[in-house]
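Below is one structure, written out as structure tokens, with a few remarks after it.
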Amino acid sequence: MRALTHAGNYVSGAFDGDRMIGASVGFFGQDSTLHSQNTGTAAGQGIGFELKLHQRLWALDRGISRITWTYDPLVRRNAHFNLAKLGARPAKYLPNFYGVMADAINHGDESDRILAVWPLTDPRVEAAARREPCLPSVPEDAVVGLADDGDRPVEGRTDGRVVLVAVPEDIERLRGVDTGAARAWRHAVRDVLGALMEEGATVTGFHRKTYYVVERNI
């Protein structure tokens, strides 16, 4: 981190008195992009949102037009935070992006990631910065491509113009109590959401903290 800051990249911390309760690290990429590699905070206090707002202003002050990062598509709270609270949008589905990870959170699972793009001056991002969440429009004829039946995924239809793709309620808990179910979710989301994105469909938001909203180009 010292080397990153010395080279002009982004490192920040959030503090409660002398105690660090959050941090974020990013580095410069191509085409006026800052890639936010890690942001971690104490949970449930809004610290992550404040760090992202700080990161956004830091980037804008330096003429940077967008920030990217990756996240696990199966973690509901991250999907809601990134898409609804920040107004970012998924750009690519990256299967097993980091390979095998042996840490306590990811152990026993494949490291699929979504590349999120945050266009800093987009109207929806500016609204999100004013704490106006980005709630997607879901038409009545939307079809459910993947549903949550308790702890198991249930594949449905993907032939509609708008497809809803569920993720599990708590994948981190599921990894610890039922590795088979966690693996089933990983492959189901990859097969449905990943395939839709690969064919050019656009993820427009995250609905009811449960479903990705995907618009197909048909």
**Request:** Please indicate, with yes or no, whether at least one residue in region 162-180 is under 19 Å from Gly48 (Cβ atoms), open to solvent by 50 Å² or more (accessible area, probe 1.4 Å) and of a type in the set (Lys, Arg).
**Result:** no
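What do you reckon, is Pro136 more than 14 Å from Ile114 (Cα to Cα) and in contact with a His (Cβ under 9 Å, 6 or more places away or on another chain)? Even if it seems obvious, please write down each step before you answer.
Details: more than 14 Å from Ile114 (Cα to Cα): yes; in contact with a His (Cβ under 9 Å, 6 or more places away or on another chain): yes.
Answer is yes for this residue.
Criterion first (touching a residue at least 60 places away in the same chain (Cβ under 8 Å) and in contact with a strand residue (DSSP E or B) (Cβ under 9 Å, 6 or more places away or on another chain)) does Pro168 satisfy it?
Answer is yes for this residue.
Take the residues of region 62-75 that are buried (at least 16 other Cβ atoms within 10 Å of the Cβ) and more than 23 Å from Ile171 (Cα to Cα): which is nearest to the chain's Cα centre (by Cα)?
Of everything passing the filter in region 62-75, Thr68 is nearest to the chain's Cα centre (by Cα).
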**Prompt:** Which is open to solvent by 20 Å² or more (accessible area, probe 1.4 Å) and either assigned to a strand (DSSP E or B) or over 15 Å from His207 (Cβ atoms) (or both), of Pro133, Pro139, Pro153?
**Reply:** Pro153
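Ala59 - would you say it is crowded, with 19+ Cβ neighbours inside 10 Å, touching a Pro at 6+ places or on another chain (Cβ under 7 Å) and either assigned to a helix (DSSP H, G or I) or aliphatic (A, V, I, L, M) (or both)?
no
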**Prompt:** Which numbered condition trips up Ala195, out of (1) open to solvent by 30 Å² or more (accessible area, probe 1.4 Å); (2) among the small types (Gly, Ala, Ser); (3) more than 15 Å from Val144 (Cα to Cα)?
**Reply:** (3)
**Fill in**
Per the filter on region 1-42, residues of a type in the set (A, V, I, L, M), open to solvent by 90 Å² or more (accessible area, probe 1.4 Å) and in a loop (DSSP other than H, G, I, E, B) are Met1
**Asked** Are there any pairs with C-beta distances below 9 angstrom linking a residue in region 106-117 that is over 27 Å from Thr202 (Cβ atoms) to a residue that is part of a loop (DSSP other than H, G, I, E, B) and at pLDDT 95 or above, with the two at least 6 apart or on different chains, and if so which?
**Response** Asn106/Asp72
**Item:** The lone exception for Asn78 - which of (1) of a type outside the set (A, V, I, L, M, F, W, C); (2) open to solvent by less than 50 Å² (accessible area, probe 1.4 Å); (3) in a helix (DSSP H, G or I) it fails
**Value:** (2)
**Fill in**
Checked pairs for region 91-105, first part of a loop (DSSP other than H, G, I, E, B), second of a type in the set (Ser, Thr, Tyr), C-beta under 6 Å and 6 or more apart or across chains, list as Asn96/Ser111; Phe97/Ser111; Tyr98/Ser111; Met101/Ser111
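The values are calculated or read from the model by the stated rules, or taken from the named source; none is laboratory data. If you're wondering where the values come from, they're calculated on a predicted model, not measured in any experiment. In this analysis, Cβ positions are derived from the backbone assuming ideal geometry, glycine residues included, and neighbour counts consider all displayed protein chains. The protein model used for the area step is the full one, side chains on, heavy atoms only, and it has no ligands, DNA or RNA in it. Shrake-Rupley method; radii C 1.70, N 1.55, O 1.52, S 1.80 Å.
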